[in-house]
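Since the structure comes first, as structure tokens, the remarks are kept for the end.
The values are calculated or read from the model by the stated rules, or taken from the named source; none is laboratory data. Here the structure is a predicted model, which means the values were calculated and not measured. For neighbour counting, all protein chains shown are included, and Cβ atoms are generated from backbone atoms with ideal geometry for every residue, glycine included.
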Amino acid sequence: MISLKFEWDPVKNSLNQNNTTDSKDSSMLKQYDFSKSIKNPYIKKLKKQITIRVENDTIDYFKKIASETDIPYQKLINLFLRDCAAHNKTPEINWKPQRRKAA
């Protein structure tokens, strides 16, 4: 049995709808100097969009947990995979390799 224990604050991690900028805001400059800027230190934490094929039962499993925890299922899958990578977990695969037929 796999136990999922993740901390998620939907309010803290959601987009702030109230943080809007009026186009007539007088505090905006016409030009900014980025010559002394530094690279984003969190660039390695950015996510990469990929396409994978996942069985319906697996998606349903994570969607069920998502509805119970109010965490998006994609976030749950990412948290689960990140936990597996952090703990160097490898799947147990039990299948016999297919033998190639002689030509």
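How about the range 67-82: which of its residues are in contact (Cβ under 8 Å) with a residue 40 or more places away in the chain and assigned to a helix (DSSP H, G or I)? Scanning the range 67-82 gives THR69, LYS75, LEU76, LEU79, PHE80. When ASP25, ASP57 are screened for being at negative phi, loosely packed, with under 10 Cβ neighbours inside 10 Å and modelled with pLDDT under 75, only ASP25 passes. Residue count for the range 83-92, restricted to those that are part of a loop (DSSP other than H, G, I, E, B) and under 19 Å from ILE52 (Cα atoms): 2.
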